[in-house]
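A.B. asks: Structure incoming, see below.
Throughout, read-outs are computed from the coordinates displayed, never taken from laboratory work. None of the values given here were measured: they were computed from a predicted structure. No Cβ is skipped: glycine too gets one built from the backbone with ideal geometry, and neighbour counts run over all protein chains shown.
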Amino acid sequence: MIRGLLLGIVLTLFVGAAAWLVVAYGGFYNVAASDPHADAVRWTLETTMRRSVSRQAGEVRMPVSVPQDVLEEGARRYAGTCAQCHGAPGEEAEPWAEGMRPEPPALTEAAAEWSPEEVAWIVENGIKMSGMPAFGGRLSLEEIVAVAAFVRELPGLSADDYAAMAKGG
């Protein structure tokens, strides 16, 4: 009985690996950004990404309160490096960002789904195969904290508040 169970597990793993290799080497999965992912692929990629970010961000520490000048620095950095893909209050993302797969989330709404620690981790490390670059090599830790703290404020900002913050007051 145990031998049959083990044989069944091994055969299932073998068939799964063979199917994976056929898809990978056969070029059967359309990787064009103009073709949305199949639901199962989209779910798998999104769930993997969200769970990974949550796990990896566990070591990140963010301040409880952030001074206004730090939020304004985050707003300036956001306007210069993030708004093109993610939009901003009163500003749509650039049209070319709509062709990305996955499409970058509009952070004026989606920011509420992420903790500041998760946002800081994403800004620093990026997300593979999503178009989200890693800014850890370009921004200091203080700048990353400023962007993450500002993103926490995005869902409640008006277009005028955003414009004022991005200009430094």
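A.B. asks: Taking only DSSP H segments of four or more residues, each worth -39500 (n - 2.57), what value at 222 nm results for the chain once the sum is divided by all its residues, to the nearest 500 deg cm²/dmol?
C.D. replies: -17500 deg cm²/dmol
A.B. asks: I need the helices of the chain that pass two filters: whole DSSP H segments spanning 15 Å or more by Cα along the axis, and mean Kyte-Doolittle score no lower than 1.0.
C.D. replies: Correct list, ordered by number: 2-26, 141-153.
A.B. asks: Residue 132's amide H: which non-local residues (gap 5+, or another chain) put their own amide H closer than 5 Å, with H modeled 1.01 Å from N in plane and none for Pro or chain starts?
C.D. replies: 127
A.B. asks: Enter the Cα centre distance for the pair the range 113-141 and the range 69-102, rounded to the nearest angstrom.
C.D. replies: One Cα centre to the other: 14 Å.
A.B. asks: Using a Gaussian network for the chain with springs between C-alpha atoms less than 10 Å apart, which of these wobbles most: 23, 119, 145?
C.D. replies: Among 23, 119, 145, the largest mean-square fluctuation in the Gaussian network model of the chain belongs to 23.
A.B. asks: Something else about it: Work out the length of the dipole vector of the chain about its Cα centre, built from +1 on the beta-carbon of each Lys and Arg and -1 on the beta-carbon of each Asp and Glu, and round it to the nearest 20 debye.
C.D. replies: Here the chain has a charge dipole of around 960 debye.
A.B. asks: Can you tell me the Rg and the Dmax, both Å, for the Cα atoms in the chain?
C.D. replies: Values for the chain (Cα only, Rg and Dmax): 20.4, 73 Å.
A.B. asks: Still on this structure, please answer the following. Summing +1 for each Lys or Arg and -1 for each Asp or Glu, what net charge is found among the other residues whose Cβ lies under 15 Å from the Cβ of residue 63?
C.D. replies: The answer is -4.
A.B. asks: Under a Cβ-only charge scheme (Lys and Arg +1, Asp and Glu -1), can you give me the dipole magnitude of the range 77-118 about the Cα centre, in debye to the nearest 20?
C.D. replies: Using Cβ point charges on Lys, Arg, Asp and Glu, the range 77-118 gives about 140 debye.
A.B. asks: Indicate the gyration tensor shape class of the range 1-66 (rounded, prolate or oblate), computed on the Cα atoms with a ≥ b ≥ c the square roots of the eigenvalues: a/c under 1.5 is rounded; otherwise a/b larger than b/c is prolate and the rest oblate.
C.D. replies: oblate
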